[in-house]
Amino acid sequence: QVQLVESGGGLVQPGGSLRLSCAASGIMFSIYAMEWYRQAPGKQRELVAGITSGGSTNYADSVKGRFTISRDNAKNTVYLQMNTLKPEDTAVYYCKLIRPPTGYWGQGTQVTVSS
């Protein structure tokens, strides 16, 4: 059974940092691309960042230069380092393992950026 478990969310002031983690189990993690999404209240879920099995990365324009996605295949974990956080980054953040046809989602972790 494939499981993805996110952690690291919380309340942070504007300009602060958080690091999200997503630990995978039940699957050969290293051969799959991983993505981070977020969903703010009343908005559609949006792609934030992705990383291929080979380590190539891509980012939404809104987070370029502030967020960094990385992976540790020895720990079956993908990370999202978020710096210079803004109130508009407030959302539930989800990780996704890209395995056709539907992939696998984590349960989400809340990130709130507020003073």
If you average the C-alpha positions of the stretch 3-27 and of the stretch 46-96 separately, how far apart do those two centres end up, in angstrom? 10
For SER56 and MET28, calculate 0.36 nm times their separation in residues minus their Cα-Cα distance, and state this gained length in nm to one decimal. 8.3 nm
Heavy-atom accessible area per residue - the chain, 1.4 Å, Å²: 52
With the chain treated as a Gaussian network of Cα nodes joined by springs under 10 Å, which of LYS43, LYS75, LYS86 yields the largest mean-square fluctuation? LYS43
Run through the DSSP bridge list for the chain and note the antiparallel percent, rounded to the nearest 5. 90
Sorted by accessible area with a 1.4 angstrom probe, largest first, how do ILE27, ILE69, ILE98 fall? ILE98, ILE27, ILE69
Give the carbon-plus-sulfur fraction of the accessible surface of the stretch 1-58 in %, rounded to a whole number; probe 1.4 Å, heavy atoms of protein chains only. 47
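The values are calculated or read from the model by the stated rules, or taken from the named source; none is laboratory data. Because the structure is a prediction, the values reported are computed rather than measured. Side chains are part of the model used for accessible areas, which takes the heavy atoms of the whole protein and leaves out ligands, DNA and RNA. Shrake-Rupley method; radii C 1.70, N 1.55, O 1.52, S 1.80 Å.
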